[in-house]
Amino acid sequence: MLLESSDRQPPNPRLNFKSGLFDQDKILQKLSLVLLIVGAGLVLLPLGIVVKTSLTSENGGWSWANYRQAWQRGGFLLAFANSTFVALAVTAVQIFTSALSGYALARLEFRGKQALLLIILTTLVIPFQILVIPIFLVLKWGHLINTYGALILPTAVNGFGIFLLRQFFLTIPIELEEAAMLDGANRLQILWRVMLPLARPALVTLFLFSFIGEWNDLFKPLVFTTRPELQTVQLALAGFQEQFTNDWKLMMAAVVIATIPVVVLFLLGQRQLIRGIATTGIKN
């Protein structure tokens, strides 16, 4: 027995792929981290160049004067007010319509439900530019051209928002609704008091997508408005670019000014955004 025990060799840790240098999980984690760092660097590099250029003064130093000049010359105060109002209005209406439609498609049973869902999904693959002529004619018929209505109504209902909230509502256990019904709650009360509080990640996700999309939209203001008092941030930025084509410092400062609100908004809601995207479509 002593000979047998002495003949046994201790396991070589270098040959064990589950430990030390050859731990495959650790190698994959480190490789993923390196790739993420490289990818983040590539994404942030253009933004860094823009910020550096915007802070460059005439003598090559650092200065905030470019931002002050860009803000004053570009007339961004009114543009910010218009874009904020339009983005918030569109987002509010989209959340309202998406919540009602998504809940109906997720929980109610009615004839043509699947066909209606298919039609809603079909709208996601139709570019807005294809529908611009009939939308323009409808807005003109309603005397809404050159009004805030022309900037809000065309995107007040969003198929993506309806589908997103429908998928999230499907992940909520139906037992919660049944318990609320036993307490005497109707469908609207269940939606308001039970479903929407639980759907906060999806609502934040829809809010971010909708607000950022409207803030960055140039097409609608360009086509449906001509009045200077309805100018949005993107229109102001386009006009600023035409006026100061050769002044790169002021142009980059204007770009940063137009980008700051959406960046701050994304940073504030990124956790709920990731949670909403990760959990949507997973049934309990």
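Values quoted throughout were computed directly from the atomic coordinates according to the rules given, and no laboratory measurement underlies them. As the structure is a computational prediction, the values presented were derived from the model and not from experiment. As a convention, Cβ positions derive from the backbone with ideal geometry for all residues, glycine included, and neighbour counts pool all protein chains shown.
Brief remarks follow.
- Relative frequency of Cα-Cα separations exceeding 13 Å in the range 69-118, percent: 69 percent
- Here the residues TYR148, TYR103, ranked from fewest to most Cβ neighbours within 10 Å of their Cβ, fall in the order TYR148, TYR103.
- Here the label points at GLU242 and ILE49, each 7 Å from Cα along the C-beta direction, are separated by 2.6 nm in the simple model.
- Taking a span of 30 Å or more along the helix axis (Cα atoms) and a mean Kyte-Doolittle hydropathy of at least -0.5 as the rule, the DSSP H helices of the chain that qualify are 24-54, 76-107, 248-279.
- Plainly put, the chain has a radius of gyration that is 1.15 times its Kirkwood radius, both from alpha-carbon atoms, as the Rg/Rh ratio.
- One Cα centroid belongs to the range 215-252, the other to the range 109-160; the line between them spans 25 Å.
- GNM result for the chain, Cα springs below 10 Å: residue of ALA106, ALA179, ALA199 fluctuating most strongly: ALA179
- Modelled FRET efficiency - R0 30 Å, ASP183 with ALA92, Cβ distances, 0.05 increments: 0.55
- Ranking MET181, TYR148, GLN167 by how far each Cα lies toward the positive end of the dipole of the range 75-279 (charges on Cβ) leaves MET181 at the top.
- Over the chain: helical MRE at 222 nm, DSSP H runs n ≥ 4 each giving -39500 (n - 2.57), nearest 500: -22000 deg cm²/dmol
- Cα-based Lys pair tally, the chain, threshold under 22 Å, eight or more apart or on separate chains: 5
- A full extension of the chain between TRP141 and ALA156 corresponds to an added length of 3.6 nm, given 0.36 nm per residue minus the alpha carbon distance.
- Packing, taken as the mean count of other beta carbons within 10 Å per residue, orders the peptides 183-191, 29-37 from highest to lowest as 183-191, 29-37.
- Per-residue extension of 0.36 nm, minus the Cα-Cα distance of GLN129 and GLN270, leaves a gain of 47.8 nm for this segment.
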